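No value in this document is a laboratory result; all are computed from the given coordinates. Since the model is a prediction, treat every value here as computed from it, not as a measurement. Positions of Cβ are generated from backbone atoms using ideal geometry, with glycine treated the same way; all protein chains shown enter the neighbour counts.
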Amino acid sequence: MTSRPGATIVIPCFDEAERLRPEAVGELAAASGARVLLVDDGSTDATPEILSRLVAAAGDPSTIASLQLADNRGKAEAVRRGMQLALDDGASVVGYCDADFSTPPHEVARLLDVLDDAADVDVVLGSRVGLLGSDVQRSHARHYLGRLFATAASAALRMKVYDTQCGAKVFADTPALRAALADPFRSVWAFDVELLARLRHGAPPTAPGLGIERFLEIPLRTWRDVGASKLSVRGAGRAAVDVARIAIDGRRNR
Ligand SMILES: Nc1nc2c(ncn2[C@@H]2O[C@H](COP(=O)(O)OP(=O)(O)OP(=O)(O)O)[C@@H](O)[C@H]2O)c(=O)[nH]1
Ligand SMILES: [Mg+2]
């Protein structure tokens, strides 16, 4: 087992009693050596009990820990609060992935390896690209809708990012990251885009943004569409509006 005491991976969990596989959480902790921080986002099902059992079974809060949010605030806020707590606890690297483990544990671990190995990089994004030799499984409809969204997001950010919406990302602790997490995101479903915008532009003059060369996107070797997604058509529509707003804000800040 690799040990990576300075790293924390946040997993936002909302009503995940059916989907969350406890063994996958253990696999992530073992494969990455990172601390896993499970954030219960005000779930109404048995998620809080499942998380408590997982934390108790691990027996060491530096391996698997949980954070309970009093009410449901959405993925964006769950991720933000988890990453803030991790940084406050002294993590030098923080990241997140989805509770459905569409990005499998060993691939999340690989993102951390890449961040460790690339001294001049502060952000590593997993990207879902269908390539020979990789196993990225997505329905055609989701793929094409996703491409449309990602292309709009890339234009809004004015960054050549291929896939803003993949659920797995890792970040080095930088002033830009702390500034980016300081305030709640305005967007619930396009918060990844908002986070990238905040990181790129910083909070001048206190926290400068990250140079474009500090971002690295890598194709995942494995990614699976896991059913029971909670993203509705309405949610997708709101995400599109959020991206338009990020584009307008970006133009204003130029
Ligand atoms: N839907 C939803 N998910 C939340 C919320 N808070 C935290 N999450 C977590 O956000 C993650 C993403 O949820 P998914 O339903 O898989 O949505 P997605 O992965 O963006 O969409 P798919 O690509 O369809 O899987 C999961 O880990 C959820 O538990 C919330 O309020 N609503
Ligand atoms: Mg999912």
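Run the simple label-point estimate for His140 and Ile218 please: 7 Å along Cα→C-beta, distance reported in nm.
Distance between the two pseudo-spin positions: 3.3 nm.
Which order, highest average first, do 125-138, 157-170, 89-102 follow once you tally other Cβ atoms within 10 Å for each residue and take the mean per peptide?
89-102, 157-170, 125-138
Roughly how far apart, in whole Å, are the Cα centres of the stretch 63-122 and the stretch 179-209?
So the separation of the two Cα centres works out to 16 Å.
Using a cut-off of 12 Å between beta-carbons, work out the net charge of the residues near Ala17 (Lys and Arg +1, Asp and Glu -1, Ala17 not included).
The answer is -3.
What fraction of the DSSP beta bridges in the chain is antiparallel, stated in percent and rounded to the nearest 5?
Within the chain, antiparallel bridges account for around 25 percent of the total.
Scan around Ser127 for amide H atoms under 5 Å from its own, H built in the peptide plane at 1.01 Å from N, and keep only partners 5 or more places away or cross-chain.
Residues meeting the amide H criterion: Ile218, Leu220.
Report for the stretch 99-246 the percent antiparallel among DSSP-assigned beta bridges with both residues inside it, nearest 5.
Working: 5 of 13 bridges.
Taking every DSSP beta bridge within the stretch 99-246, about 40 percent pair in antiparallel fashion.
In a solvent-free Debye calculation with one equal scatterer on each Cα, what is log10 I(q)/I(0) for the chain at q = 0.11, 0.13, 0.15, 0.18 Å⁻¹, listed in the order of the q values?
-0.55, -0.79, -1.08, -1.64
How charged is the neighbourhood of Asp120? Take every other residue with its Cβ under 13 Å from the Cβ of Asp120, and add Lys/Arg as +1 and Asp/Glu as -1.
Once all neighbours under 13 Å are counted, the net charge is -3.
Once both labels are modelled 7 Å past Cα along the beta-carbon direction, what's the Val114-Ala236 spacing in nm?
Taking the two extended label points, one gets 2.6 nm.
Let me check I've understood the local charge: for Ala7, count other residues with C-beta under 9 angstrom from its C-beta, Lys and Arg +1, Asp and Glu -1. What total comes out?
+1
For the stretch 58-74, what does the Karplus curve 6.51 cos²θ - 1.76 cosθ + 1.60, with θ = phi - 60°, yield as ³J(HN,Hα) per residue in whole Hz, taken in order and with x for Gly and Pro?
Each residue's phi maps through the Karplus curve to give 5, x, 8, x, 7, 9, 10, 9, 9, 10, 9, 8, 5, 9, 6, 10, x Hz.
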